[in-house]
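Engineer: Quick one: structure below, then a few questions.
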Amino acid sequence: MKRDSPPHIVPRPDPFSFADLERWLDEHRVTEVECLVPDLTGVARGKILPRERFTEDRGMRLPEGTVALSVTGEVPRKGPYYDVIRSTDPDMHLRPDPGTVRIVPWATDPTAQVIHDCYDRDGRLVPFAPRSVLKRVCRMFDEAGWAPVVAPELEFYLVSRNDDPDMPLRAPVGRSGRPETSRQSYSIDAVNEFDPLFEDVYAYCEQMELNVDTLIHETGAGQMEINFFHAHPVSLADEVFFFKRTVREAALRHDMHATFMAKPIAGEPGSAMHVHQSLVEKASGRNLFSQADGTPSREFFWYIGGLQRYVPEAMAMLAPYVNSYRRLARYTAAPINIQWGSDNRTVGIRSPLAAPAARRVENRVIGADANPYLAMAATLACGFLGIRDRIEPSPECTGNAYHGEHDLPRSLGEALELLRESTALREVLGAEFVTVYTEVKEVEHEEYMKVISPWEREHLLLHV
């Protein structure tokens, strides 16, 4: 796809200091700053400050419960949630991460966006903030002498604008004037139907210095996939966070919606966030998953064993909504179990064909609806536990894993119960986070159960 030449971009030095941040804001003539905090659902919370106020304060405060809301904006009324989050709702202190600064390419006035970390009054990271959880997991790898490397593949649907939640979603109309009505996997012409939109997406990404790679058309009608270059988990979670905002904004400007729901359209495949992951031994720079002779290492197999053992317990973070479990159905291009295999797309844990230096594991269970910080924290935590405890994987699956047993939780309620009972994940992710997360998700599940679905009216109204 042709890309327009990006506007001049001021290179960001590494490491990026507050002095560098101020120079960057000056060179971009920024007048406003969006101070962003990703909450448990991945929604951008925060404040918009004038440049002068941002420079003077270098941070801000928000109630600590701001990052611990359900997708409907609700919180528990009582219970263990308030053993972690005080009922007086005190402030948390937000500090900008200078290296996350990006221009807001669609803003009318020169505007920057900066992701902030959340700290308590004693200067400690708030343990239930998603970015804090991922940093906690990465610190465990760092202490072991390893550097985790990830590369997400993010699927999403373009759909016609939908103002009525009772109406099913439909594929959008492209340049031909006709909506897609069939599956167009890897079709170049199908992607080109939306050239004007993707020209904007690529231009925005270039201005924001997002490391996006390949764009393809996925299986579903109007379903796309974008691949990211591999990098450190925290920086890539930031990029996925920014990218979701970017695609939604670009789609609106072309009279469409972009959705990262796991299963937005009945009868069409769901959307995943496949995460490729490997480990680099910091002392030698070698891929920990390969031995000197190029064969898989013990750590490679133990990492897979950890994923097999703990992914079911982590599912509430990899498939965080009631809708998520509609995607994980047999013969729908989504895994139903945690078998593993080489170059096998029917399994939940795949090892792609690669040179020894690039040997990696792909977690195919994660949905596109997952919070990128929590999804990466969860999958890395499972692998870390596998290596730490030397968990051997099951034999490799060389056939069609869709013919196997369903090993994953079938509902959000079941997944939440498994996470609550997981002492290992509670240890690695933090007990306070697990408590807050499961309590918030329980409230969300209760909200969903108040809704009567069309299926119930159609099949139960006159038949029971």
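Engineer: Take segment 232-261 and flag every residue that is touching a helix residue (DSSP H, G or I) at 6+ places or on another chain (Cβ under 8 Å) and either aromatic (Phe, Trp, Tyr) or at positive phi (or both).
Structural biologist: 241, 243, 260
Engineer: Which ones in segment 35-50 are of a type outside the set (A, V, I, L, M) and either on the phi > 0 side of the Ramachandran plot or open to solvent by 30 Å² or more (accessible area, probe 1.4 Å) (or both)?
Structural biologist: At the first step, the residues of segment 35-50 found to be of a type outside the set (A, V, I, L, M) are 35, 38-39, 41-42, 45-47, 50.
Within segment 35-50, 42, 45, 46, 47, 50 qualify.
Engineer: How do the helices (runs of 4 or more DSSP H) wholly within segment 368-462 filter down when requiring 2 or more residues that are open to solvent by less than 10 Å² (accessible area, probe 1.4 Å) and touching a Ser or Thr at 6+ places or on another chain (Cβ under 9 Å): which remain?
Structural biologist: Working: elements: 372-388, 412-421, 423-429, 431-448, 454-460.
Counting at least 2 such residues, we get 412-421, 431-448.
Engineer: Given 240, 280, 173, 234, which one is surrounded by fewer than 19 Cβ atoms within 10 Å (Cβ to Cβ), modelled with pLDDT of 95 or more and either touching a strand residue (DSSP E or B) at 6+ places or on another chain (Cβ under 7 Å) or under 22 Å from residue 369 (Cα atoms) (or both)? Spell out the reasoning first.
Structural biologist: On the way: 240 fails: surrounded by fewer than 19 Cβ atoms within 10 Å (Cβ to Cβ); 173 fails: modelled with pLDDT of 95 or more; 234 fails: surrounded by fewer than 19 Cβ atoms within 10 Å (Cβ to Cβ).
When all the criteria are applied, what remains is 280.
Engineer: Which of the numbered conditions does residue 199 fail, given that it passes all the others? Conditions: (1) outside any helix (DSSP H, G or I); (2) surrounded by fewer than 17 Cβ atoms within 10 Å (Cβ to Cβ); (3) not polar (S, T, N, Q).
Structural biologist: Just one mismatch for residue 199, condition (1).
Engineer: Being buried (at least 23 other Cβ atoms within 10 Å of the Cβ) and either under 23 Å from residue 243 (Cα atoms) or touching a strand residue (DSSP E or B) at 6+ places or on another chain (Cβ under 6 Å) (or both) is true for just one of 324, 342, 351. Which residue is that? Let's see the steps before the verdict.
Structural biologist: Working: 342 fails: buried (at least 23 other Cβ atoms within 10 Å of the Cβ); 351 fails: buried (at least 23 other Cβ atoms within 10 Å of the Cβ).
Result: 324 is the single residue among 324, 342, 351 that is buried (at least 23 other Cβ atoms within 10 Å of the Cβ) and either under 23 Å from residue 243 (Cα atoms) or touching a strand residue (DSSP E or B) at 6+ places or on another chain (Cβ under 6 Å) (or both).
Engineer: Still on this structure, please answer the following. Tally time: how many residues in segment 111-129 are in a strand (DSSP E or B) and either without any contact (Cβ under 8 Å) to a residue 12 or more places away in the chain or more than 22 Å from residue 438 (Cβ to Cβ) (or both)? Walk me through it before giving the result.
Structural biologist: The first filter runs over segment 111-129 and keeps only residues in a strand (DSSP E or B), leaving 111-119, 125.
Still in the running and either without any contact (Cβ under 8 Å) to a residue 12 or more places away in the chain or more than 22 Å from residue 438 (Cβ to Cβ) (or both): 111-117, 119, 125.
So the answer is 9.
Engineer: Can you tell me how many residues within segment 303-329 are part of a helix (DSSP H, G or I) and either among the aromatic types (Phe, Trp, Tyr) or at pLDDT below 95 (or both)?
Structural biologist: We begin by selecting, within segment 303-329, every residue part of a helix (DSSP H, G or I); these are 303-318, 324-327.
Okay, now just the ones that are also either among the aromatic types (Phe, Trp, Tyr) or at pLDDT below 95 (or both), so 303, 310, 325.
Residues flagged as part of a helix (DSSP H, G or I) and either among the aromatic types (Phe, Trp, Tyr) or at pLDDT below 95 (or both) within segment 303-329 amount to 3.
Engineer: Residue by residue through segment 354-394, note down the ones that are in contact with a strand residue (DSSP E or B) (Cβ under 8 Å, 6 or more places away or on another chain), under 15 Å from residue 308 (Cβ atoms) and among the basic types (Lys, Arg).
Structural biologist: Hit for segment 354-394 is 364, nothing else.
Engineer: Same structure, new question: Inspect all residues belonging to segment 181-193 and state whether any of them is small (Gly, Ala, Ser), in contact (Cβ under 8 Å) with a residue 40 or more places away in the chain and outside any strand (DSSP E or B).
Structural biologist: Quick first cut of segment 181-193, residues small (Gly, Ala, Ser) only: 182, 185, 187, 190.
Restricting the remaining residues to those that are in contact (Cβ under 8 Å) with a residue 40 or more places away in the chain gives none.
No: zero hits.
Engineer: Could you count how many residues in segment 39-79 are out of contact with any Asp or Glu (no Cβ under 8 Å at 6 or more places or on another chain) and over 21 Å from residue 117 (Cβ atoms)?
Structural biologist: Result for segment 39-79: 5.
Engineer: Could you list, ordered by first residue, the pairs with Cβ atoms under 7 Å in which the first is in segment 291-315 and closer than 27 Å to residue 374 by Cα and the second is part of a helix (DSSP H, G or I) and open to solvent by 20 Å² or more (accessible area, probe 1.4 Å), at least 6 apart or interchain?
Structural biologist: Filtered contacts from segment 291-315: 306/384; 312/418; 313/418; 315/418.
Engineer: Another question, then. How many residues, within segment 74-110, are open to solvent by 50 Å² or more (accessible area, probe 1.4 Å), part of a strand (DSSP E or B) and either in contact (Cβ under 8 Å) with a residue 60 or more places away in the chain or touching a Pro at 6+ places or on another chain (Cβ under 7 Å) (or both)?
Structural biologist: The initial filter retains those residues of segment 74-110 that are open to solvent by 50 Å² or more (accessible area, probe 1.4 Å), namely 74, 77-78, 80, 82-83, 86-89, 91, 93, 95, 108-110.
Next cut, part of a strand (DSSP E or B) only: 91, 93, 95.
Narrowing further to those that are either in contact (Cβ under 8 Å) with a residue 60 or more places away in the chain or touching a Pro at 6+ places or on another chain (Cβ under 7 Å) (or both): 91.
Adding up the residues that qualify gives 1.
Engineer: Identify the residue in segment 16-34 that is within 29 Å of residue 127 (Cα to Cα) and out of contact with any helix residue (DSSP H, G or I) (no Cβ under 7 Å at 6 or more places or on another chain) and, among all such residues, is least open to solvent (accessible area, probe 1.4 Å).
Structural biologist: Selected residue: 34.
Engineer: Among the residues of segment 327-338, what is the count of those that are under 21 Å from residue 424 (Cα atoms) and either small (Gly, Ala, Ser) or touching a strand residue (DSSP E or B) at 6+ places or on another chain (Cβ under 9 Å) (or both)?
Structural biologist: So the first thing to find is which residues in segment 327-338 are under 21 Å from residue 424 (Cα atoms), and the list is 337-338.
From what's left, either small (Gly, Ala, Ser) or touching a strand residue (DSSP E or B) at 6+ places or on another chain (Cβ under 9 Å) (or both): 338.
Residues in segment 327-338 being under 21 Å from residue 424 (Cα atoms) and either small (Gly, Ala, Ser) or touching a strand residue (DSSP E or B) at 6+ places or on another chain (Cβ under 9 Å) (or both): 1 in total.
Engineer: Condition check: among the acidic types (Asp, Glu) and either closer than 30 Å to residue 449 by Cβ or in contact (Cβ under 8 Å) with a residue 24 or more places away in the chain (or both). Does residue 407 satisfy that?
Structural biologist: Judged against the criteria, residue 407 is a match.
Engineer: Also, quick follow-up: Return yes when residue 361 is of a type in the set (A, V, I, L, M, F, W, C) and free of Cβ contacts under 8 Å to residues at least 24 places away in the same chain and no when it is not. Reasoning before the result, please.
Structural biologist: Working: of a type in the set (A, V, I, L, M, F, W, C): yes; free of Cβ contacts under 8 Å to residues at least 24 places away in the same chain: no.
Here the answer is no, as residue 361 does not meet what is asked.
Engineer: So, one more: Tell me, which residue of segment 54-73 that is of a type in the set (D, E, K, R) and open to solvent by 60 Å² or more (accessible area, probe 1.4 Å) is farthest from the chain's Cα centre (by Cα)? Explain how you work it out, then say what you get.
Structural biologist: First, pick out the residues of segment 54-73 that are of a type in the set (D, E, K, R): 56-58, 61, 64.
Applying the additional criterion that residues be open to solvent by 60 Å² or more (accessible area, probe 1.4 Å) yields 56-58, 61.
On the way: 56: 33, 57: 30, 58: 27, 61: 25 Å.
Here the answer is 56.
Engineer: If you don't mind, another one. Being closer than 30 Å to residue 117 by Cα and in contact with a Cys (Cβ under 8 Å, 6 or more places away or on another chain) is the requirement here; does residue 307 meet it? So that I can check it myself, show each step before the final result.
Structural biologist: Values: closer than 30 Å to residue 117 by Cα: yes; in contact with a Cys (Cβ under 8 Å, 6 or more places away or on another chain): yes.
It is true that residue 307 is closer than 30 Å to residue 117 by Cα and in contact with a Cys (Cβ under 8 Å, 6 or more places away or on another chain).
The values are calculated or read from the model by the stated rules, or taken from the named source; none is laboratory data. Source: prediction; values computed, not measured. So basically every Cβ, Gly included, is an ideal-geometry build from the backbone, and we count neighbours across all protein chains shown. All accessible areas refer to the heavy atoms of the entire protein, side chains included, with ligands and DNA or RNA removed. Shrake-Rupley method; radii C 1.70, N 1.55, O 1.52, S 1.80 Å.
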